[in-house]
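Below is one structure, written out as structure tokens; comments come after it.
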Amino acid sequence: MQDPTSSPFAAPRIIPKPWGREVWYAHEDRYAGKILEVTKGHALSLQKHERKQETMYLQSGRLVYHFNGVDYEMTPGMCITVRPGDIHRVEALEDAVILEVSTPELDDVVRLEDRYGRG
């Protein structure tokens, strides 16, 4: 059995958010992976990215996905790719778990509107 101090395993980074939390399980030079846990009735910022591209897969729950001025209902098993410049927001109709993979620019968020007063 390997010495646990030399293990290749690491704990994910937990980022509390006013709408739930993010679990960052990968943040590498060329890609990133997150789990977004969004509480029913809460929403992420209406936002866009200048460089970041992301694909989201809804694992559980139901969402309204605001995408470039159109509202879509998103149900488990659906996915969407968001490219730089796309205006988007996730709003949870039920507690939801979203798997996200993206390019590594996790700080590339241009908030256009935010319920929680973040700029």
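Structure notes:
- Selection count where residues are modelled with pLDDT under 95 and polar (S, T, N, Q), scope the range 63-119: 0
- Sole exception among (1) more than 22 Å from R115 (Cα to Cα); (2) loosely packed, with under 14 Cβ neighbours inside 10 Å for W24, by number: (2)
Yes/no matrix, rows are residues, columns are (1) assigned to a strand (DSSP E or B); (2) touching a strand residue (DSSP E or B) at 6+ places or on another chain (Cβ under 6 Å); (3) under 21 Å from V82 (Cα atoms):
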{"residue": "T5", "(1), (2), (3)": "no, no, no"}
{"residue": "F9", "(1), (2), (3)": "no, no, no"}
{"residue": "P16", "(1), (2), (3)": "yes, no, no"}
{"residue": "I35", "(1), (2), (3)": "yes, yes, yes"}
{"residue": "G41", "(1), (2), (3)": "no, no, no"}
{"residue": "Q47", "(1), (2), (3)": "yes, yes, yes"}
{"residue": "T55", "(1), (2), (3)": "yes, yes, yes"}
{"residue": "Q59", "(1), (2), (3)": "yes, yes, yes"}
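- Within the range 72-119, the residues that satisfy the criterion of being outside any strand (DSSP E or B), surrounded by fewer than 13 Cβ atoms within 10 Å (Cβ to Cβ) and in contact (Cβ under 8 Å) with a residue 60 or more places away in the chain are Y116, R118.
The values are calculated or read from the model by the stated rules, or taken from the named source; none is laboratory data. Being a predicted model, the structure only gives us computed values, none of them experimental. Positions of Cβ are backbone-derived with ideal geometry, glycine not excepted, and every protein chain shown enters the neighbour counts.
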